[in-house]
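Peer 1: Got a structure for you, written out below as structure tokens; questions coming shortly.
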């Protein structure tokens, strides 16, 4: 099955605007764009208010991974298309998460927990992956 949004023609900045609009509508503050050395956007960073106070979030788009998947699927794809596809997938995910938030099934910090930043600038997921955040085994 082809990757979601693999044929999109929507410009990255249009998609980023839609993502930022959803985030602001749901209480995000101080949204910034993170860039790589080539001037390409790699992540959106923003603040959300939580019961424990404001928390920083870094929401990335892994363009290299999307590009590799599209190559394996033999889809016609260059770096720019992979960027468009990656950010459209992130936009769709954010919209789905905001719908769950609006239904009051979750809270904003619950949605973005893996992307929440610690004091050293690592996300919770990165700290977990690097064994700095241990979770006990979940064998049932």
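Peer 1: Of the numbered conditions (1) within 14 Å of the chain's Cα centre (by Cα); (2) within 21 Å of residue 16 (Cβ to Cβ); (3) surrounded by 15 or more Cβ atoms within 10 Å (Cβ to Cβ), residue 101 satisfies every one except a single condition; which is it?
Peer 2: Here residue 101 meets the rest and fails (1).
Peer 1: For residue 24, are the conditions met, namely being touching a residue at least 24 places away in the same chain (Cβ under 8 Å) and under 21 Å from residue 94 (Cα atoms)?
Peer 2: no
Peer 1: Please count how many residues of the range 32-53 are closer than 23 Å to residue 82 by Cα and either surrounded by 12 or more Cβ atoms within 10 Å (Cβ to Cβ) or touching a helix residue (DSSP H, G or I) at 6+ places or on another chain (Cβ under 7 Å) (or both).
Peer 2: The number of residues fulfilling the criteria is 9.
Peer 1: Look through 21, 17, 56, 27 and report the one residue that is over 18 Å from residue 121 (Cβ atoms), modelled with pLDDT of 95 or more and not in a helix (DSSP H, G or I).
Peer 2: 27
Peer 1: Looking at the range 74-98 only, could you name the residues that are without any contact (Cβ under 8 Å) to a residue 40 or more places away in the chain, within 16 Å of residue 20 (Cα to Cα) and touching a helix residue (DSSP H, G or I) at 6+ places or on another chain (Cβ under 7 Å)?
Peer 2: Listed by number, the residues that qualify are 86, 97.
The values are calculated or read from the model by the stated rules, or taken from the named source; none is laboratory data. The structure presented is a predicted model; accordingly, all values stated were derived computationally and were not measured. Using ideal geometry, Cβ is built from the backbone for each residue, glycine included, and neighbour counts are taken over all protein chains shown.
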